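The values are calculated or read from the model by the stated rules, or taken from the named source; none is laboratory data. The structure presented is a predicted model; accordingly, all values stated were derived computationally and were not measured. Reconstructed Cβ throughout: ideal geometry from the backbone, glycine too, with neighbour counts over all protein chains shown. Note: accessible area is taken over every heavy atom of the protein model, side chains too, but ligands, DNA and RNA are not part of it. Shrake-Rupley method; radii C 1.70, N 1.55, O 1.52, S 1.80 Å.
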Amino acid sequence: FGLPSISGTLAFTYGGLTITMPDARLMDVQYETQSSGHQVMVLTIADRRWKWAFGWASGRYNVPNPNGGIPLREKTPKELIKLLMEEMGETQYVAVGVPNDVRPYVEWDGPPVDALMELCDVLGMRLMLDHIADKAKVYPLNQGQQLPNLPTVMQDSLDLKQPGVPDKFFFLGA
């Protein structure tokens, strides 16, 4: 059994359901010996967010104007997000509920994902990767459906009951 490709599409299939992760990357390989004597290969695989660390964001925007009025190098939050997403290699992304009434001062000189995370913090937003839609998304905090408040789903417990662990679990890939 050889190593899989360093990068490519990773597909998980179970029953009739297949989930794919385009641009996945093999980050690490380790071998472990179990108490039974069997050797196990442990693969650390990253989804396409590994690429977000590359590129470079450099610039100053919404610089306070010494004469007052409109900031120098003015950019809306959506324009700033677009600049950073493009630098991260994300051309098909979603930005929902981005405030348009603020012009945060930003000064960038580093990886675009770091700049985008800082911008999201200032705007009260979060960056995520939606694997189902295969898109990067920026959403406001505290949005979405509430967690169900059913006793079978949400309940207090004094102990942690771990689910049963199968004897074997295989992922086959090519």
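Got a sec? Charge dipole of the chain, +1 on Cβ for Lys and Arg, -1 for Asp and Glu; which of V94, L119, V40 is way out at the positive end?
Toward the positive end, the furthest listed residue is V94.
Using modelled backbone amide H atoms (1.01 Å from N, in-plane), which distant-in-sequence or interchain residues come within less than 5 Å of L10's amide H?
Answer set, sorted by chain and number: M21, D23, A24.
Rank by packing, highest mean first: peptides 80-87, 115-122, 133-140, 101-108, with packing defined as the count of other Cβ atoms within 10 Å averaged across residues.
Going from most to least packed, we get 80-87, 115-122, 133-140, 101-108.
Want the number for E86 to W56: 0.36 nm per residue separation, take away the alpha-carbon distance, what's left?
Computed gain between E86 and W56 is 9.7 nm.
Considering only protein heavy atoms and a probe of 1.4 Å, how much of the accessible area of the stretch 31-135 is carbon and sulfur, as a whole percent?
51 percent
Non-local amide H neighbours of K135 (under 5 Å, H modeled in plane, Pro and chain starts lacking H): which ones?
Distant-sequence amide H within range of K135: D130.
Please report the net charge: other residues with Cβ closer than 13 Å to the Cβ of P4, K and R +1, D and E -1.
0
Only Lys, Arg, Asp and Glu count, each charged at its Cβ (+1, +1, -1, -1), so figure out the dipole size of the chain about its Cα centre, rounded to 20 debye.
300 debye
Using the Cβ atoms and a cut-off under 11 Å, what net charge is assigned to the surroundings of G55, where Lys and Arg are +1 and Asp and Glu are -1?
-3
So, counting K/R as plus one and D/E as minus one, what does the shell of residues with Cβ under 12 Å around I45 add up to?
0
Tell me the label-point distance for the pair E107, V94, using the 7 Å Cα-to-Cβ offset, in nm and rounded to one decimal.
Those two pseudo-labels are separated by 3.6 nm.
Report, by chain and number, residues whose modeled amide H sits under 5 Å from the one on K75, excluding near sequence neighbours (fewer than 5 apart, same chain).
Placed amide hydrogens put N62 under 5 Å from K75.
Taking a quarter of the surface of the Cα convex hull of the chain, what do you get in nm²?
The directionally averaged projection comes out at 15.7 nm².
Sorted by accessible area (1.4 Å probe), largest first, how do T13, T76, T18 line up?
T13, T18, T76
May I ask you to compute the full-extension gain from Q34 to E118, defined as 0.36 nm times their residue separation minus their alpha-carbon distance, rounded to one decimal in nm?
Here the segment from Q34 to E118 would lengthen by 26.0 nm.
Calculate the length of the line joining the C-alpha centroid of the stretch 1-62 to that of the stretch 70-98, in whole Å.
Taking the Cα centre of each part, the stretch 1-62 and the stretch 70-98 sit 28 Å apart.
For L3 and T18, compute 0.36 nm times the residue count separating them, minus their Cα-Cα distance, and round to one decimal in nm.
Result: 3.2 nm gained on full extension.
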